[in-house]
Amino acid sequence: MDDTPKRVTRRRARTRARLLDAAFAVFAARGFGRVSIEEVCEAAGFSRGAFYSNFATLDELFFALYQERADLIAAQVADALAQDGPDLDVPASVDRVTEVLLLDVDWLLVKTDFLVHAARDPAVARALLDHRARLRQAIADRLARARGHTELPAVLGDADGAARAVVAAYDGVTTQLLLDRDVDAARSWLGQLLTALLTESSGTPA
């Protein structure tokens, strides 16, 4: 049996993966709008022909890169939240989630570039909205499973409302992180903020 097609497919998959990895590094260092196809090819060690056999345009590569990384982040968040039993250990879960969400400043740079790109392109905006919806859904699903075991602050409403608050807190903290590059401070602040958001106050209002 001729396995040439399989070898070609594997080789093309490796080429695509190297192009995506190289593009990630170049985009993070220079910004999407300042990068050429030639620069991506040079970083990956390939010709323009290898690029065009995998992507029609730089926009298509950027979109594929974002989708790949965004899917990974959403899956990691879901895994981080799935490690407890029915009870939600808020501090432990928050620690695991902040480790995932603030793991890579380069990803935050690329994600911010994608946000700016999406603001001017409705099709790209839909992809970004889809990623954010999946991220919120992963959080909301876990919070919903904890209902009856772990009380959420009433002000947040349902699990979806709490998930939206978590993502909003993440957005705010990452903006500061991109400016000062202090990952430890960002993780600490995000952890405190999320714990405060998701913990029902035991105090009695005055």
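The values are calculated or read from the model by the stated rules, or taken from the named source; none is laboratory data. Everything numeric in this text was worked out from a predicted model, so none of it was measured. Here the Cβ is made from the backbone with ideal geometry for all residues, glycine too, and neighbour counts use every protein chain on show. Each accessible area value is taken on the protein alone, full model and side chains, heavy atoms only, with ligands, DNA and RNA left out. Shrake-Rupley method; radii C 1.70, N 1.55, O 1.52, S 1.80 Å.
Return yes or no: is E99 touching a Lys or Arg at 6+ places or on another chain (Cβ under 8 Å) and under 20 Å from A168 (Cα atoms)? Full working, then the answer.
Details: touching a Lys or Arg at 6+ places or on another chain (Cβ under 8 Å): yes; under 20 Å from A168 (Cα atoms): yes.
Yes.
From R145, R187, grab the single residue that is open to solvent by 70 Å² or more (accessible area, probe 1.4 Å), in contact (Cβ under 8 Å) with a residue 24 or more places away in the chain and part of a helix (DSSP H, G or I). Step through it out loud before you land on a result.
Numbers: R187 fails: open to solvent by 70 Å² or more (accessible area, probe 1.4 Å).
That would be R145, the only listed residue that is open to solvent by 70 Å² or more (accessible area, probe 1.4 Å), in contact (Cβ under 8 Å) with a residue 24 or more places away in the chain and part of a helix (DSSP H, G or I).
In segment 70-91, how many residues are open to solvent by 30 Å² or more (accessible area, probe 1.4 Å) and either of a type in the set (G, A, S) or modelled with pLDDT of 85 or more (or both)?
4
State which residue is modelled with the lowest pLDDT when the search covers only segment 152-184 and only residues that are surrounded by fewer than 16 Cβ atoms within 10 Å (Cβ to Cβ) and assigned to a loop (DSSP other than H, G, I, E, B).
Restricting to residues being surrounded by fewer than 16 Cβ atoms within 10 Å (Cβ to Cβ) and assigned to a loop (DSSP other than H, G, I, E, B), the top hit is P153.
Of the residues that sit in segment 96-126 and are modelled with pLDDT under 85 and open to solvent by 60 Å² or more (accessible area, probe 1.4 Å), which one is nearest to the chain's Cα centre (by Cα)?
So the residue we want is L103.
Among (1) in a helix (DSSP H, G or I); (2) touching a residue at least 24 places away in the same chain (Cβ under 8 Å); (3) under 30 Å from L143 (Cα atoms), where does L88 come up short?
Tallying (1) in a helix (DSSP H, G or I); (2) touching a residue at least 24 places away in the same chain (Cβ under 8 Å); (3) under 30 Å from L143 (Cα atoms), L88 fails exactly one: (1).
Go through segment 38-68 and count every residue that is assigned to a helix (DSSP H, G or I) and either open to solvent by less than 50 Å² (accessible area, probe 1.4 Å) or over 23 Å from L108 (Cα atoms) (or both).
Adding up the residues that qualify gives 16.
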